[in-house]
């Protein structure tokens, strides 16, 4: 099954790369047919991606969510899922053109990690693993889409005005609203991530919170997005300032995921 997973992983990378090129071509030549093919190819890649994760889980005999390779693969899966939902729901293929490179970079990062299957540490042998990591994947995916939407918002005024732009990119008010919804989804699932992690930590190590670097930066990320939503709801804060705030939030997400493991090792260093 692990050999099948390796083959599927390669196909998925190629599918996401091809979808990214088609999204770019759609913007360059302004042909709606290219967007439909790009969305279809991304959807196919997502299905095969899901199959690859299932094969990894069967081959490893556990949930495939316990090391850098597995989490990066799952992170890119979450990005692909959430971006597909938003592209289809809002009929917004231009979002795919911005989200596809992020998805491809994350799965490319996964490709550079060791794929060795190792025995689980005792602290990881818990049913809470699935709840904790799966909610983190959806949260990171939603924050990634929020980041992409904020970039589109910031660049919209610099784009050449045309019928194509008006047809395929929502106005700034709607972009701002979609970004808000994505951030709300991300914060909800990050809250679940922190809660399940605290319960798991108490059962594994006897303490709900130990100020481990990963815990601390997860809390920092949660506070940034909570402040973002609070300012929007209570102060009517939106537009460029909110978009910049969301970009900073995603930088924090990336640091929590990659930077903490690299620079600030702790009990989460295995992930």
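Condition check ((1) at pLDDT 90 or above; (2) crowded, with 20+ Cβ neighbours inside 10 Å; (3) over 15 Å from the mean Cα position of the chain (by Cα); (4) part of a helix (DSSP H, G or I)) across all residues:
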site: 6; (1), (2), (3), (4): no, no, yes, yes
site: 12; (1), (2), (3), (4): yes, yes, yes, yes
site: 28; (1), (2), (3), (4): no, no, yes, yes
site: 41; (1), (2), (3), (4): yes, yes, yes, yes
site: 49; (1), (2), (3), (4): yes, yes, no, yes
site: 52; (1), (2), (3), (4): yes, yes, yes, yes
site: 62; (1), (2), (3), (4): no, no, yes, no
site: 71; (1), (2), (3), (4): no, yes, no, yes
Task: Index of the failed condition, residue 35 passing every other in (1) at pLDDT 95 or above; (2) under 17 Å from residue 167 (Cα atoms) - done: (1)
- [ ] Starting from the stretch 132-157, keep only residues that are closer than 12 Å to residue 86 by Cβ, then list their pairs with residues that are in a loop (DSSP other than H, G, I, E, B) whose Cβ atoms are within a distance under 7 Å, requiring at least 6 positions of separation or different chains.
- [x] 152/169
- [ ] Select from the stretch 199-214 the residues that are part of a helix (DSSP H, G or I) and touching a residue at least 40 places away in the same chain (Cβ under 8 Å) and write down the one among them that is nearest to residue 127 (Cα to Cα).
- [x] 200
TODO: Would you confirm whether any residue within the stretch 96-109 is farther than 25 Å from residue 35 by Cα and outside the structural domain of residue 169 (by TED's automatic domain parsing)?
DONE: yes
TODO: Scan 92, 86, 98 and give me the residue that is more than 18 Å from residue 28 (Cα to Cα) and more than 9 Å from the chain's Cα centre (by Cα).
DONE: 86
TODO: State whether the residues of the stretch 245-260 include one that is in contact with a helix residue (DSSP H, G or I) (Cβ under 8 Å, 6 or more places away or on another chain), buried (at least 19 other Cβ atoms within 10 Å of the Cβ), more than 21 Å from residue 150 (Cα to Cα) and at pLDDT below 85.
DONE: yes
Open item on the list: Please pick out the residue among 88, 137, 107 that is more than 23 Å from residue 192 (Cβ to Cβ), surrounded by 19 or more Cβ atoms within 10 Å (Cβ to Cβ) and touching a helix residue (DSSP H, G or I) at 6+ places or on another chain (Cβ under 9 Å).
Closed with: 107
TODO: For residue 100, work out the one condition from (1) in contact (Cβ under 8 Å) with a residue 40 or more places away in the chain; (2) surrounded by fewer than 22 Cβ atoms within 10 Å (Cβ to Cβ) it doesn't fulfil.
DONE: (2)
Open item on the list: Can you tell me which condition residue 102 does not meet? The list is (1) outside any loop (DSSP other than H, G, I, E, B); (2) more than 26 Å from residue 176 (Cβ to Cβ), and all the others hold.
Closed with: (2)
TODO: Spot the failing condition for residue 22; the list is (1) free of Cβ contacts under 8 Å to residues at least 40 places away in the same chain; (2) out of contact with any helix residue (DSSP H, G or I) (no Cβ under 6 Å at 6 or more places or on another chain), and only one is missed.
DONE: (2)
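The values are calculated or read from the model by the stated rules, or taken from the named source; none is laboratory data. From a predicted model like this one, the values you see are computed outputs, not experimental measurements. Using ideal geometry, Cβ is built from the backbone for each residue, glycine included, and neighbour counts are taken over all protein chains shown.
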